[in-house]
Amino acid sequence: MNSVVRGSFDARYAITAAIGLFFAVVIIYPLSLVIAKSFSSDSGLSLAHYARVFSDAANLKALWNSVWVSVLSTIMCVAAGALLAMLVVRTDIPAKSFLRLLLLLPYGIPPFIGAIAWAQLFGPAGYVTKLYMSATGAGSAPWNVYSPSGVVLVLSIYQLPVVFITVSGALGRIDTSLEEAARMSGASPFRTLLDVTLPLVTPAIAAGGLLAFVGSICNFGIPALLGFRARFFVLTTKIYSALSIPDMPVAAAMSVILALVSGVALILQRRLERKQHRYAVISGKSVRPQTMRLGPARVPLFVVVIAAALFAGVVPIASMILTSFIKYWGAPLTFKSMTLDHYKYVLRIPIAARAFRNSLFLGVCTATITMTAGAFVSYMCIRAKFAAARVLDFLGTIPYAVPHTMIAIAMILAWSRPPVVLYGTIWVLLAAYLVTYMPFSIRTTNATLQQVHISLEEAARMSGARWSDTVRDIVLPLIKPGLVSGWVLVFMPAFRELTMSVLLWSQGAETLGVAIYNMQDAGYSQIAAALSTVVLLIIFAGNALVRRLSRGEIGF
Amino acid sequence: MADRLEGIRVLKLTKRFGSYAAVDGVTFTVRKNEFFSLLGPSGCGKTTTLRCIAGLEQPTFGEVYVGGRLVSSVEKGVMVPPERRGIGMVFQNYAVWPHMTVEQNIVYPLKIARASKARIRSTLSNIVDLLKLSGLEKRYPAELSGGQQQRVALGRALAMDPEVMLLDEPLSNLDAKLREQMRFELKDLQRKTGIAILYVTHDQVEAMAMSDRVAVMNSGMIVQEGTPYEIYKSPADKFVADFIGTMNFLPCEVLEWRDGLATLRLRNGSVVRINSPEVGRGTYSFAVRPEDLLLNREEGVECQVDVAVFLGNVVDYRVRLGDDVLRVQTSADNRFEPGEGARLAVQRGVLFP
């Protein structure tokens, strides 16, 4: 192989080494500091900090809260997500693609913005609460969104699309002749569902559930915005408190525990996904999925599903938009109470402009750097089949299993002491974002590159092109659409990131997430809503762009 | 209507997808003990026909009888669901359930029918013996070869103890050697069990090798039905002639027909006489199989050998006759070299308008 690529041998080495160094400094060094910190004491290695975590009743409570909240929200969204997937994919329910679109909508709403919207709807002075009170004459509503059950409910709504996507994808890939074979063997449609369809998608349901579990247990925005008021803490919010004391070692130890739990869940999830893959259609024959007739239940079920979908996705967005236009919180909902003042205010205050600029800068830099590095890693790994690049691929994907709170702690530990002091500037946020979105970029570039058949490159080499010519003339043009949509898909979550920003921000380096969070926290609901609406608008525009670029294959 | 000798009867079966008729008024009967093939190119409607019989597809028009029982009739509003038709079916991609063992796959129909434990045991052991699957009962499909999965699918269909079995291109995913072996085994199985088999395939060799009778389908209609020999020797139209086996088509002009003998002139001017049913004068397409042409040095039309491919038992020639190129297969005893002049004797052929 070396003789084939002789002319480019040095370039490949240099690039691999450079990216390797970059990963070592930006990803591995900070993360290992967290682990080291959690195990170190004045006298060397020790479990003292873990002992402190487990001996403090409040910490134990937070750990327990994290577990039960995540388990409960996972159960809820698995039940609902699997059922909805079955209904949408395998029955003759009307307006399927529209329902699918609606059900995926919560996926596009940043969880903390969702939490704010739910507070607007179901809080003590929320729209729904007041509607209920005026309808029943009761002095208060029988619910409280600022509570553990509020956290569970909102978490499950935001993880629902994950389960829905996983299960409906698996249902769509099942070979329908497996089900037809059951019918031919004498099984009724219902029996077929129980004996064949359900067992075949069980791994997908479990895998989706595990993803939802990890998403819930690592989430910060929802338990922060809905739990703090009720003095209800989970691991992520407890880590936030430990950092503000600051008690670094305990924060580190708790984040390692969190990483361990989510890591184990993700390993299990990967195994289940592989199992599911074995159940997928093997033949290239196109399969029209057999749909079950719902009969008289068709319309009522459609109404239920569409109500659930509207409730989960459209209602919160509508509430956010409504709040951003209303003169003051609690004003009667008439046309006279509407105003554009909050938007004008957002345009005027420096913090909003700064946050916008910062988030834009961070999003653009993160997406550009991670996609470039990802493209090189994938190329070296998949195309050049460069053994050392496999290590890069592995190193670059490690952060996938690391909770964002742990990444934030890693940044504080690594970049707040000389020789390199980034903490207190926007650069520490960039460092954190690079770590977080690197795995995502590598996976995107891997997938993109795998779609370009190697013979296209070999043909260029046979035509006399050097490696660099081949990359420039053949590879880059072919993977460009994939790279662009990957770029947008990194930009969007980076643009509205909250968890790490809220732990790492400093005066002058506020992000949009931080600005919205702080405004909401300080009681400026309408300003927060106006800014959130702008963010949502940008996210949905970005999504539309990605969908167009990928012809509807990527995005929600 | 019920006929004790009848396996499947299909009457004027039509299936439209929108305005496109995938199956267009198909009628045929598969007798008991018969191995019947639906043969045609992909998209000819053969699989849709099969799925209508199975009940996996709802016909637009027409009737289906299985074992003399009406199972599907649009006119009479009858549509027996697939699970109550008692038909064994083998799918193209086997459709062996990946989450069940070989044994669980095979006995599933019996479980559904709530058969006794003893009956399940004896049926399983019979099927396992018949299909040479013993020792594999506890394995999962992922641990089996394609041929073994195929047998499991067959075993599952047999466990229904059906009078009728539908096979949808069951051999198309196997490699050539295994395919040939399975051909014999399927035929053997059908003889042993006496089940009526409706076999769908696009592979004419497969259909010829196994079937008692074949129906050739094209664009949703049956164009010819008969024994493999009849279809091969007297194709009903140009499509069948072209689809079954190898056929040379030569433009020609019929000069006269008298006493079962047609005189025709080929494009290069040479005149040939063949046995033929009565035809009028005019231009025709003269269809002749490579083995019905005899390449020799003594008699027939003058021609020139372009290419000669030695195949062992025969030699496959490309022979030039004026502007026409023909395929000729002649025994290897008498060999010609490319470039050599020769004579071509026509032993038989068919005229199509």
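Read the figures in this text as sums done on the coordinates, not as results from a lab. Note that the coordinates shown come from a computational prediction; the quantities given were computed from them, not determined experimentally. Backbone-built Cβ (ideal geometry, glycine too); neighbour counts: all protein chains shown.
Tell me, what ³J(HN,Hα) does each residue in segment A:166-177 have, in order and in whole Hz, if you take phi through Karplus 6.51 cos²θ - 1.76 cosθ + 1.60 with θ = phi - 60° and put x for Gly and Pro?
Couplings: 4, 6, 5, x, 5, 4, x, 8, 5, 5, 5, 5 Hz.
Please work out the FRET efficiency for the pair B:Ser42 and A:Trp64, using the Cβ-Cβ distance as r and a Förster radius of 60 Å; give the result to the nearest 0.05.
Computed FRET efficiency for B:Ser42 and A:Trp64: 0.50.
State the extension gain, in nm to one decimal, for the chain segment bounded by A:Met133 and A:Ser506, taking 0.36 nm per residue of separation less the distance between their alpha-carbons. Write out the running numbers ahead of the final one.
Numbers: separation 373, 0.36 × 373 = 134.28 nm, distance 4.17 nm.
In short, 130.1 nm is gained.
Just checking the output field for B:90-102: average partner chain Cβ neighbours within 10 Å of each residue's Cβ? Before the final figure, lay out the partial values.
On the way: counts 2, 9, 3, 9, 6, 11, 3, 11, 10, 11, 3, 0, 0.
What the average comes to for B:90-102 is 6.
Work out how much length A:Ser455 to A:Arg298 would gain on full extension: take 0.36 nm times their residue separation and subtract the Cα-Cα distance, in nm to one decimal.
51.5 nm
Of the candidates B:Val272, B:Val66, B:Val216, which one comes out as most mobile in a Gaussian network treatment of chain B with C-alpha springs shorter than 10 Å?
B:Val272
If the cut-off is a Cα-Cα distance under 19 Å, which lysines reach B:Lys46, setting aside same-chain residues fewer than 8 apart in sequence?
A:Lys285, B:Lys12, B:Lys15
Between A:Ser41 and A:Leu310, what is 0.36 nm times their sequence separation minus the Cα-Cα distance? Round to one decimal in nm.
Additional length available on full extension: 91.6 nm.
Sorted from fewest to most neighbouring beta carbons within 10 Å, what does the list B:Val305, A:Val304 look like?
A:Val304, B:Val305
Applying 1/(1 + (r/R0)^6) with R0 = 35 Å to the Cβ-Cβ distance of A:Ala79 and A:Phe361, what FRET efficiency is obtained, to the nearest 0.05?
Efficiency for this residue pair is about 0.25.
Can you sort B:Trp97, A:Trp415 so the residue with the fewest Cβ neighbours within 10 Å comes first? Kindly include the intermediate steps, with their values, before the conclusion.
Details: B:Trp97 26, A:Trp415 21.
By the 10 Å Cβ count, ascending, the order reads A:Trp415, B:Trp97.
Enter the mean projected area of the convex hull around the alpha-carbon atoms of chain B, in nm², rounded to one decimal. Provide the component values of the computation, followed by the final result.
Values: hull surface 89.7 nm².
Mean projected area for chain B: 22.4 nm², to one decimal.
Could you list which residues have their amide H under 5 Å from that of A:Thr91, counting only those 5 or more apart in sequence or on another chain, with H placed in the peptide plane?
Answer set, sorted by chain and number: A:Met292.
For segment A:449-460, in order, what is each residue's ³J(HN,Hα) by Karplus, 6.51 cos²θ - 1.76 cosθ + 1.60 with θ = phi - 60°, in whole Hz (x at glycine and Pro)?
Couplings: 5, 5, 7, 9, 5, 5, 4, 5, 6, 4, 4, 5 Hz.
Just report the Cα centroid separation between segment A:302-345 and segment A:392-413, whole Å.
Distance between centres, Cα-based: 37 Å.
Where both partners of a DSSP beta bridge lie in chain B, what percent of those bridges are antiparallel, to the nearest 5?
That works out to approximately 80 percent antiparallel.
Across segment A:373-440, how large is the tail of the calculated P(r) beyond 16 Å, expressed as a percent of all Cα pairs? Before the final figure, lay out the partial values.
Working: 1207 of 2278 pairs.
Cα-Cα pairs of segment A:373-440 separated by over 16 Å account for 53 percent.
Counting pairwise Cα distances across segment A:60-161, what percent come out greater than 19 angstrom?
On the way: 2873 of 5151 pairs.
Summing the P(r) tail past 19 Å for segment A:60-161 gives 56 percent.
Leaving out same-chain residues fewer than 8 places away, which aspartates and glutamates sit with a Cα under 18 Å from that of B:Lys111?
Reachable aspartates and glutamates: A:Glu179, A:Glu180, A:Asp195, B:Glu83, B:Glu103, B:Glu137, B:Asp161.
Past the 24 angstrom mark, what percentage of all C-alpha to C-alpha distances in segment A:264-409 do you count?
When all Cα pairs of segment A:264-409 are counted, 71 percent exceed 24 Å.
Could you name the lysines whose alpha carbon sits less than 18 Å from that of A:Lys327, not counting residues in the same chain fewer than 8 places away?
Partners within reach: A:Lys130, A:Lys336, A:Lys344.
Show me, for segment B:173-188, the HN-Hα J-couplings you get by feeding each phi into the Karplus relation (A = 6.51, B = -1.76, C = 1.60, θ = phi - 60°), rounded to Hz, glycine and proline as x.
Listing the rounded values in order: 9, 9, 6, 3, 5, 5, 4, 5, 5, 5, 4, 5, 5, 5, 4, 4 Hz.
Name the longest site-free stretch of chain B, where the excluded sites are GluC sites (Glu not before Pro) in a DSSP loop with no more than 10 other beta-carbon atoms within 10 Å. Don't jump to the answer; show the numbers that get you there.
Working: sites that count: B:Glu75, B:Glu278, B:Glu298, B:Glu299.
Of all site-free stretches, the longest is B:76-277.
Using helices alone, what [θ] at 222 nm do you get for the protein assembly as shown, with -39,500 (n - 2.57) per DSSP H run of 4 or more residues, divided over all residues and rounded to the nearest 500?
Helices in the protein assembly as shown give a 222 nm mean residue ellipticity of -17000 deg cm²/dmol.
Kirkwood hydrodynamic radius, segment A:112-253, all distinct C-alpha pairs: what's the number in Å?
About 18.3 Å for segment A:112-253.
Give me the three principal axis extents of segment B:29-93 from the C-alpha atoms, as integers in angstrom, largest value leading.
32, 27, 22
Per the Debye formula with a single identical scatterer at each Cα and no solvent contribution, what log10 I(q)/I(0) holds for chain A at q = 0.05, 0.06, 0.07, 0.12 Å⁻¹?
One equal scatterer on each Cα of chain A leads to -0.23, -0.33, -0.46, -1.29.
Report the residue, chosen from B:Arg297, B:Arg85, B:Arg51, that carries the largest GNM mean-square fluctuation when chain B is represented by alpha-carbon nodes joined by springs under 10 Å.
The residue with the greatest mean-square fluctuation here is B:Arg297.
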